[in-house]
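To start, the structure itself, in structure tokens.
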Amino acid sequence: MNIFRLCGDMSHLAAIIILLLKMWKTRSVAGISGKSQILFATVFTARYLDLFTSFISIYNTCMKVFFIGTVYFTIYLIYMKFKATYDSNHDSFRVEFLIVPVGGLAFLVNHEFAPLEIIWTFSIYLESVAILPQLFMISKTGEAETITSHYLFALGSYRALYLCNWIYRYYAEGFFDLIAVVAGVVQTILYCDFFYLYITKVMKGKKISLPA
Amino acid sequence: DEFAPKKDEL
């Protein structure tokens, strides 16, 4: 563990807590993409299959349980509890256009052609594009609530911090995972225009409103 | 399998 990865995990944790707080306090899921949350649930389920078979540390197990538990709770809030406030018309990204290519790529490009490894690779590739339905929804509605912007900033920062973690681990431990790094770079790049909007607007107290 | 880095990250 290093400071970059710890900050990254805390940023990820913060993003999930911000999202839950937004939903619980406002009792509304307006502006939140249910499809992205379903993709995140798929990512966590596929990646943490070894939750009960391989023990890394208490921290690792607790975080995995928390991530899986909260993402399914989020889906419950969106599609059941606060279903009336779910904006399905604007949450119209065709996720099959993500899952099929990502699934194919996981079969072709992986560290080892073994079921668990391919499923892990699928979760890494899927995570890098899982936010697209959410960003697409914001571009369609033309704006994002400030609390949703904080959620996205924390979520985007988590993988950017993981990139720093991988640089550190390469020099400190000789650890290098090309698949995770490339997917992490793609994932972080997808947030860049949002980061720009966040820093130039939200930090000055304005709302994010994209040209619709 | 020696090429697959250990999976100790979230």
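The values are calculated or read from the model by the stated rules, or taken from the named source; none is laboratory data. Predicted, not measured: the structure shown is a model, and the values here were computed from it. Don't worry about glycine lacking a Cβ; one is built from the backbone with ideal geometry, like all the others, and counts go over all protein chains shown.
A few points about this structure:
Table: residues versus (1) in contact with a Cys (Cβ under 9 Å, 6 or more places away or on another chain); (2) more than 19 Å from A:G34 (Cβ to Cβ).
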site: A:F97; (1), (2): no, no
site: A:A106; (1), (2): no, yes
site: A:E117; (1), (2): no, yes
site: A:T121; (1), (2): no, yes
site: A:K140; (1), (2): no, no
site: A:A154; (1), (2): no, yes
site: A:S157; (1), (2): yes, yes
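- Inspection of region A:47-66 identifies no residue that is farther than 30 Å from A:Y171 by Cα, more than 14 Å from chain B (Cβ to nearest Cβ) and modelled with pLDDT of 95 or more.
- Counting only helices (runs of 4 or more DSSP H) that sit wholly inside region A:113-212, those with at least 3 residues that are under 21 Å from A:A14 (Cα atoms), within 14 Å of chain B (Cβ to nearest Cβ) and not hydroxyl-bearing (S, T, Y) are A:146-173.
- A:T70 out of contact with any strand residue (DSSP E or B) (no Cβ under 7 Å at 6 or more places or on another chain) and surrounded by 15 or more Cβ atoms within 10 Å (Cβ to Cβ): yes
- Screening A:Y168 against (1) more than 22 Å from A:C7 (Cα to Cα); (2) in contact (Cβ under 8 Å) with a residue 40 or more places away in the chain; (3) of a type in the set (F, W, Y) leaves a single unmet condition, (1).
- Of all residues in region A:35-68, those that are in a helix (DSSP H, G or I) and without any contact (Cβ under 8 Å) to a residue 12 or more places away in the chain total 4.
- Which listed residue is charged (D, E, K, R) and closer than 30 Å to A:F175 by Cα, from A:D91, A:D87, A:D9: A:D9
- For A:F107, the stated conditions do not hold, so it cannot be described as aromatic (F, W, Y), away from chain B (no Cβ under 14 Å) and in contact (Cβ under 8 Å) with a residue 24 or more places away in the chain.
- Of the residues examined, A:A30 is not one that is within 14 Å of the chain's Cα centre (by Cα), in contact (Cβ under 8 Å) with a residue 12 or more places away in the chain, surrounded by fewer than 20 Cβ atoms within 10 Å (Cβ to Cβ) and away from chain B (no Cβ under 11 Å).
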